[in-house]
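This report refers to the structure that appears directly beneath it.
The values are calculated or read from the model by the stated rules, or taken from the named source; none is laboratory data. Predicted, not measured: the structure shown is a model, and the values here were computed from it. All Cβ positions, glycine included, derive from the backbone under ideal geometry; neighbour counts span all protein chains shown.
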Amino acid sequence: MKFRIATPTLNPGPALQACVQSVQQQEGVCATHHIQDGGSTDQTIEWLRTQPRLSWNQAPDHGMYDAIARAWQEGDEDILAWLNADEQYLPGTLAKVRNYFETHPAADAVSGDYIVIRPDGRALAARREIPLRRWYIVNGTLYVQSCTFFVRRRIWAQSGGFNPAYKITGDKEWMLRLLDRGTRFHHIPEYLALFTASGRNLSCHPDRQAESERIRRDFGAYPLPALRLLPRLCRLMEKAVRGKLFPVHIRYSFIDTATLSPRVMDARTGSRWQWPELESASHDAEKCVYCSHAPKKGPDHHG
């Protein structure tokens with residue numbers, strides 16, 4: 001079983017090197033890590049030219065999802081995944097995912113738990129998730145984090161890919177279509193990746209709300225916000241019953257973007273978090289990994 005991991009980039013800065021290292025440290029698996037760059041003007045391309053173990057290409061694209069689709073179209077690997085430039089796999093993640101797919105042949109796609117961190121590696125939240133439920137997603141947020149998501153290539157091919165009309169919430173729209181097609185999603189109750197909350201994430205984009213409203217309309221969400229509170233409360237209750245909301249002690253490996261050395265981090269944290277104030281105050285188009293649009297302060301993330 002082989003993995004193809006796509007990383008879409010646009011001026012990612014030094015975080016990309018830590019991201020790449022987190023993939024290359026995976027042991028006992030066969031993985032192709034492909035960097036699809038949309039036209040970086042920093043030192044990204046110069047660095048990529050020194051990396052013989054990486055597959056990469058630079059070409060204009062129509063946003064992050066277009067870049068991911070371009071990366072996935074190449075190759076013949078069995079399992080597809082994407083890891084954004086400021087995210088990292090935890091040690092042993094790909095082996096765990098491979099073993100799960102091999103022992104659960106009915107699974108079409110899997111996702112797992114993740115740790116939300118600041119850019120310096122300090123923990124903000126330990127996100128222990130529950131199985132994917134359409135009712136929760138269409139009326140709330142997509143609680144599958146892309147850095148923990150893996151899908152069989154045949155499912156991607158059969159689905160028609162991302163809808164090009166969605167630049168910010170394309171993964172949510174795609175996964176709802178997958179659910180409607182009967183795709184069998186499984187959940188691995190282990191931490192698989194680190195998600196960096198910097199305030200420059202695509203979730204902070206000012207067009208996100210408009211796209212989310214289109215998804216709610218197209219997929220049959222409750223029309224009134226008050227009614228949408230019910231599935232959100234039910235999801236929180238399910239997480240509470242399963243013990244996913246309470247603070248826990250976590251110990252994890254973080255690759256420092258400044259030194260590219262692994263650091264072991266310890267923290268006690270719960271599942272609720274907010275975008276870091278200092279970073280979220282200015283969504284700088286020149287520094288944004290994903291887009292070049294106007295800034296907006298990120299919302300609380302209570303999902």
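What to note about this one:
- Test: T9 is in contact with a Ser or Thr (Cβ under 7 Å, 6 or more places away or on another chain) and crowded, with 24+ Cβ neighbours inside 10 Å: yes
- Listed by first and then second residue, the pairs linking a residue in the stretch 71-91 that is free of Cβ contacts under 8 Å to residues at least 40 places away in the same chain to a residue that is buried (at least 24 other Cβ atoms within 10 Å of the Cβ), with Cβ atoms under 8 Å apart and 6 or more places separating them unless they lie on different chains, form an empty list.
- Every residue from the stretch 98-124 that is among the aliphatic types (A, V, I, L, M), surrounded by 15 or more Cβ atoms within 10 Å (Cβ to Cβ) and more than 15 Å from the chain's Cα centre (by Cα): A107, A123, L124
- T259 falls short of the stated requirement of being surrounded by 13 or more Cβ atoms within 10 Å (Cβ to Cβ), hydroxyl-bearing (S, T, Y), more than 18 Å from the chain's Cα centre (by Cα) and at pLDDT below 95.
- Residues of the stretch 286-293 include none that is at pLDDT below 95, exposed (fewer than 13 other Cβ atoms within 10 Å of the Cβ), aliphatic (A, V, I, L, M) and closer than 16 Å to S198 by Cβ.
- Among the residues of the stretch 168-180, some residue qualifies, meaning at least one is among the hydrophobic types (A, V, I, L, M, F, W, C) and in a loop (DSSP other than H, G, I, E, B).
- Residue ID - nearest to F254 (Cα to Cα), chosen from residues in the stretch 134-148 that are in a loop (DSSP other than H, G, I, E, B) and out of contact with any Pro (no Cβ under 8 Å at 6 or more places or on another chain): Q145
- Qualifying position, being out of contact with any Asp or Glu (no Cβ under 9 Å at 6 or more places or on another chain), assigned to a strand (DSSP E or B) and hydrophobic (A, V, I, L, M, F, W, C), among V110, V151: V110
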